[in-house]
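A quick write-up on the structure given underneath.
Just so it is clear, none of the values below were taken in a lab; they were calculated from the coordinates. Here the structure is a predicted model, which is why all the values come from computation and not from measurement. Neighbour counts are summed over all protein chains in view; Cβ atoms, including those assigned to glycine, are modelled from backbone coordinates with ideal geometry.
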Amino acid sequence: MAKQTVEYLVVAPHPDDAELGMGGTIAKLIRAGKAVAVCDLTSGEPTPFGTPAKRRKETRAASKVLGLARRVNLGLKNRALDTTLAARTKLAEVYRTLRPRVVFIPYWRDSHPDHLAATQLAIEARFHAKLTRTKMKGRPHYPERLLFYYCTHFRSHADAAFVVDVSDDFAAKVRALECYHTQFYDGRGGEAGAVVEYVTTTARYWGSMIGRACGEPFTVQETLGLAGLNDII
Ligand SMILES: [Zn+2]
């Protein structure tokens, strides 16, 4: 994990949200030779069966499965994520240091307050990162594109702007998710693995929408430009 800058950055409220929402796309980008980083905003703890140490270990294992160039944790407070100026500055410094062209952030409708705050914070940090004459780390940087991925707790149909074919990378996504034992398996009895099963069902559904085995949905707020039409399925 030595690369200094990346082309793609995924901002995640908790470790496992990046994998849940777009693990297949991350694996696909990396397989295509792209440098991808994940910035988890919080430790994700406490949870019923996790500890900070276990979560760090699980996150490291999942990062290795995906082949991430970098994974950082901002150390903001889980269950109390807030859009403070201090938090905005911290995330802006990550943008200025890693200098991604594209930042993936959580979809804006969610029932989890940390997720809602993460979306807002990631948008605010984009503008903040380009400021000059500040004491922030790194040089001014404005990520060109914000793309929204779905790791939402809100039970509604994703209004996708586009779907990425992740058929060849879905197995890697599942392997990455399986690293998060405390979140999806431990102490869950008959429900162990139910989340991974749900993610699989959803991926097959989105795959069916584009005539492929597995897909991951994304959306945008700004107009999305295409360099060409060769990749339209
Ligand atoms: Zn989360």
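Structure notes:
- Calculated on C-alpha atoms, the gyration radius of the chain divided by its Kirkwood radius gives an Rg/Rh of 0.95.
- With Rh defined as the Kirkwood radius, the inverse of the mean 1/r over Cα pairs, the Rg/Rh of the range 103-180 is 1.06.
- Peptides 109-119, 7-17, 219-229, ordered by how many other C-beta atoms sit within 10 Å of their residues on average, highest first, read 7-17, 109-119, 219-229.
- For C151, distant residues with modelled amide H under 5 Å away: Y107
- Part-to-part distance (alpha-carbon centres) for the range 24-96 and the range 164-178, which is given in Å: 18
- Under the simplified labelling scheme, the S156-R133 pair shows an inter-label distance of 4.2 nm, with each label point 7 Å from Cα along Cα→Cβ.
- Backbone phi angles across the range 11-28, fed through the Karplus curve with coefficients 6.51, -1.76 and 1.60 (θ = phi - 60°), yield HN-Hα couplings of 9, 10, x, 10, x, 3, 5, 4, 5, 4, x, 8, x, x, 5, 4, 4, 5 Hz in residue order; Gly and Pro are listed as x.
- A dipole drawn for the chain from +1 and -1 charges on Cβ atoms has a positive end, and of T223, V94, Y149 the residue lying farthest that way is V94.
- Pairs of Lys residues in the chain, spaced 8 or more positions apart or belonging to different chains, with C-alpha separations under 14 angstrom: 7 in total.
- Label-point separation in nm, T5 to E197, each point 7 Å along Cα→Cβ: 4.6
- Shape category assigned to the range 40-106 from the gyration tensor of Cα positions, a/c cut at 1.5: oblate
- In order through the range 208-216: 3J(HN,Hα) via Karplus (6.51 cos²θ - 1.76 cosθ + 1.60), integer Hz, x for Gly, Pro: 4, 5, 10, x, 10, 6, 9, x, 10
- Take every pair of alpha-carbon atoms less than 8 Å apart whose residues are at least six positions apart; their mean separation over the length of the chain yields a relative contact order of 24 percent.
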